[in-house]
Amino acid sequence: MRIRHTLITLLAAIGLVGAGVLADAAPAAAAALPNTVVPAPVSAVAGGSAFTLAPAATLTSDDAGVGTYLAGVLRASTGYALPLTVGATTPGSIALELSGAPGSTGPEGYQLTSGASGVVIQAQQPAGLFHGVQTLLQMLPSDVMSATVRPGPWTVPGGTVLDYPRFSYRGAMLDVARHFFTVAQVERYIDELALYKVNYLHLHLSDDQGWRIAVNSWPNLATYGGSTEVGGGAGGFYTQADYTAIVAYASSRFMTVVPEIDMPGHTNAALASYAPLNCNGVAPPLYTGTNVGFSSLCVSLPLTYTFIDQVVGELAALTPGPYLHIGGDEASSTSASDYTSFIGQVQQIVAAHGKAAVGWHDVTKAPLQPSTVAQFWGTTTTDTNVAAAAANGTKVVMSPANKAYLDMKYTHKTKLGQTWAGLIEVNTAYGWDPGAYLSGVTGSSVLGVEGPLWTETIVTSADIDTMAFPRLPALAELGWSPWSTHDVTAFDQRLAAQGPRWKAMGVSYYHSPQVPWPAGS
Ligand code: TNX
């Protein structure tokens, strides 16, 4: 027993952990497979021989984009040529097929079968192949994520994975308003999120401290309103071409961008850019502090709605996804009746431009259109407005601040971040059920889960990485995996297997003492 345990530990240490190996060593029958994948798959059964990628291996794919993505990752770390054939009739050593998948896989799921002769991933849609590819990469040794050639061997345990998501919305939000992040920085985060099957990227594009998207009809928003950030740095903004590039990059990772223009509060950057938007006709100065709740668009002014119509119109035209986020949070400088009237009008504008509005859950104080989605960011498990909206058919994205906020500190010792919603260690981020968390907001009322990263204290990509990892994978698992797989000990073990991957990729992460990270990671 002790010898076998030592052997397994050794195999794990050299990256060969996997149920194929474990199955050989353990007397138990159908071993679970694999124990390295986050989010946990619906089912994973070990069986048959392991597959080892050989230097002469070939790739085939029914989808060019996913095939090219996989080839790019594998060629960089293995150094093998791995020729890719798109639409081949004979499967390659690794075959990505848009046929043969069980109906249960749905639009985003897949079936992965690995044996001596190769690996086959089958899905109904390219998104499913992409998610299956992420699982395959996590079944390979962690060095597969290296950007430079590593020695291998490149072994995948034998078995079958059947997998599909619990929720259709698995999101991450990046606040590019408090601190600006370049297109390359956003794309880096997209690549990291994609590893965990996140499929929505919510960009918080405007706030008191900065306006980050060029609007042709209101040019000062970006050129003046985007010229600073928290702490007084230079800020920045995305041209419409930049934004389009982000949308396209996200799409190549099967991720949909949800752009947010926060209103009626959180609008100092816009009010500073255009004096006529202010009730008193006077533009306030730009703001680089971190207070919230002091600004409001002028609800009684007709120009306000011309402004919103033109901004939303341009943004909607640049955004292929179904959602446009209107913020709506912390409007403490807007009266209750003004707020209700404002949210009513803005929903109509968003709908007129063909999008469904999303709002922070404060919007449930106002009557909502059937298509409007509420994003819960509270710290309680009861909210009568949200429950009433859900009872009325409103769908809810769950981002409880004391569980899902990636800007909260892990512990008092965490250098970055805030504490207003509490300290969030990784097991706290993992320890809640999005489908049963908020009274009256259960089952089909829950659209999914999102991890917001507010950036008052976040400045670099390393900062983003440190706050998102390992909590973002915890939230991604809550969004993807069936609740029946929920097990904190097993989760921490699977999470531990990610540490060497992040190391290989140069992703900084918080070495939580709750996770049994392998030595050296
Ligand atoms: C609350 S959450 C905010 C943001 C801040 C964040 C900091 C929400 C909808 N509004 O404006 O950045 O707290 O944690």
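Calculated from DSSP H runs of 4 or more alone, at -39500 (n - 2.57) each and per residue, what is the 222 nm mean residue ellipticity of the chain, nearest 500?
Estimated from H runs of four or more residues: -9500 deg cm²/dmol.
Using a 1.4 Å probe, what is the accessible area per residue for the stretch 30-103, in Å²?
About 39 Å² of surface per residue is accessible.
I want the local charge near L98. Using Cβ-Cβ distances under 14 Å, sum +1 for each Lys or Arg and -1 for each Asp or Glu among the other residues.
Counting the neighbours of L98, the net charge comes to -4.
Share of the stretch 86-178's accessible area from carbon and sulfur, percent, 1.4 Å?
54
Any idea how far apart L423 and W483 come out in nm if each label point goes 7 Å out from Cα toward Cβ?
Taking the simple label geometry, L423 and W483 are separated by 2.9 nm.
List the aspartates and glutamates whose alpha-carbon lies under 18 Å from that of K503, not counting same-chain residues fewer than 8 positions away?
D143, D191, E192, D463, D465, D492
Do any trypsin sites (Lys or Arg not before Pro) in the stretch 343-447 lie in a loop, going by DSSP, with at most 14 other beta-carbon atoms within 10 Å of their beta carbon, and if so which?
Here the sparse-neighbourhood loop sites are K413, K415.
With an 8 Å cut-off on Cα pairs and a minimum separation of 6 or more residues, tell me the relative contact order of the stretch 55-131 in percent.
30
Could you name the lysines in cross-link range of K395, using Cα to Cα under 19 Å and dropping any fewer than eight places away on the same chain?
Partners within reach: K355, K365.
Give me the 1.4 Å probe accessible area per residue for the stretch 169-493, excluding ligands and nucleic acids, in Å².
Value returned for the stretch 169-493: 32 Å² of accessible area per residue.
Treating the angle as unsigned and between 0 and 90°, give the value, to the nearest 10°, between the Cα long axis of helix 471-480 and the longest Cα principal axis of the chain.
80
Testing the spin-label approximation: label points 7 Å from Cα along Cα→Cβ at A436 and V86. State their distance in nm.
4.5
How do W502, W420 rank by accessible surface area computed with a 1.4 Å probe, from largest to smallest?
Sorted by accessible area, descending: W420, W502.
Quick check: Cα centre of the stretch 121-148 to Cα centre of the stretch 197-241, how many Å?
Here the answer is 33 Å between Cα centres.
Expressed as a rounded percentage, what relative contact order does the chain have, with Cα pairs under 8 Å and six or more residues apart?
Result for the chain is 14 percent.
The values are calculated or read from the model by the stated rules, or taken from the named source; none is laboratory data. Owing to the predicted nature of the structure, the values given are computational and were not obtained by experimental measurement. Cβ: placed from backbone, ideal geometry, glycine included. Neighbour counts: every protein chain shown. The protein model used for the area step is the full one, side chains on, heavy atoms only, and it has no ligands, DNA or RNA in it. Shrake-Rupley method; radii C 1.70, N 1.55, O 1.52, S 1.80 Å.
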